[in-house]
Amino acid sequence: MIFRECRHDLEVARQRDPAARSALEVALTYPGVHAIWAYRISHWLWQRQCTFVARWWSSVARVFTSVEIHPAAVLGSGVFIDHAMGVVIGETAEVGDDVTIYQGVTLGGTSLKHGKRHPTIGSRVIIGSGAKVLGPITIGDDSRIGANAVVLKSVPPGSVVVGIPGRITTRHRSRPGGGSDGEPEHLERHLETLVERVDKLETLTEEHLARRVRGGAGGPEDFSI
């Protein structure tokens with residue numbers, strides 16, 4: 001079972017990373033794949049009550065891959081960690097099938113209580129670099145979490161979430177075979193909207209400051225906005 005899953009992990013990495021040129025290259029040089037393989041072993045040990053050995057093995061894997069996956073976490077088939085650096089997946093986290101996780105992602109908890117305290121990620125979800133998904137929340141199937149988003153509430157299937165705190169900006173239609181229509185266009189359009197808003201705010205701020213200066217501001221406290 002473990003060997004079959006590991007072979008599938010290798011195939012998934014080749015499919016999702018256009019930079020991958022061969023199975024040998026992926027097997028030898030992809031720390032995200034190495035982290036998943038190490039997790040498969042530690043989880044197998046954890047299920048057989050070899051908890052100390054499982055934690056030791058996961059700690060060794062963290063040193064070599066910069067990815068920390070608790071042996072008790074549940075990861076589905078076809079999970080791919082791209083670039084790998086700084087990914088943390090907590091003890092009670094559950095990750096569905098065909099999920100893509102980029103660097104710097106945390107699937108963490110917000111409570112010190114025992115029990116379910118980490119998120120449940122649906123299938124075919126993409127989690128952008130630096131995103132934080134925190135607490136016993138659920139991310140619906142086919143959702144997209146934007147880079148650096150902080151998600152603290154559950155989101156329904158097919159959502160696109162961006163910002164701090166994470167907000168649903170749109171919903172997309174899932175195709176029967178996974179994925180969705182127009183995903184890059186959706187993300188690009190909303191990023192362009194955010195950039196336009198920032199530009200407008202900067203322009204208004206500069207105009208406001210210029211008017212205050214022309215009007216003879218008395219000191220630094222006059223520049224409050």
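Ranked for footprinting exposure by Cβ neighbours inside 10 Å, fewest first, Ser143, Ser129, Ser154 give Ser154, Ser129, Ser143.
Taking the number of Cβ atoms within 10 Å of each Cβ as an exposure proxy, the fewest-first ranking of Val53, Val67, Val99 is Val53, Val99, Val67. Could you let me know the centre-to-centre spacing of region 24-56 and region 89-116, using Cα atoms, in angstrom? Answer, in whole Å: 16. Below 11 angstrom from the Cβ of Gly122, what's the summed charge of the other residues (Lys, Arg +1; Asp, Glu -1)? My count for the surroundings of Gly122 gives -4. Name the shape class, rounded, prolate or oblate, that the alpha-carbon gyration tensor gives for region 2-142, where a ≥ b ≥ c are the square roots of its eigenvalues, rounded holds for a/c under 1.5, and otherwise prolate holds if a/b is larger than b/c and oblate otherwise. In terms of gyration-tensor shape, oblate.
Bridgeable lysines around Lys153 (alpha carbons under 16 Å apart, same-chain partners fewer than 8 residues away excluded): Lys116, Lys132. Counting neighbouring Cβ atoms within 10 Å and putting the fewest first, the residues Thr65, Thr203 line up as Thr203, Thr65. Spin-label pair Arg4-Lys200: with each label point 7 Å from Cα along the Cα-Cβ axis, the two points sit 5.5 nm from one another.
Values in this text are rule-based calculations from the coordinates and carry no lab data. A quick note: this is a predicted structure, and the numbers were derived from the prediction, not measured. As a convention, Cβ positions derive from the backbone with ideal geometry for all residues, glycine included, and neighbour counts pool all protein chains shown.
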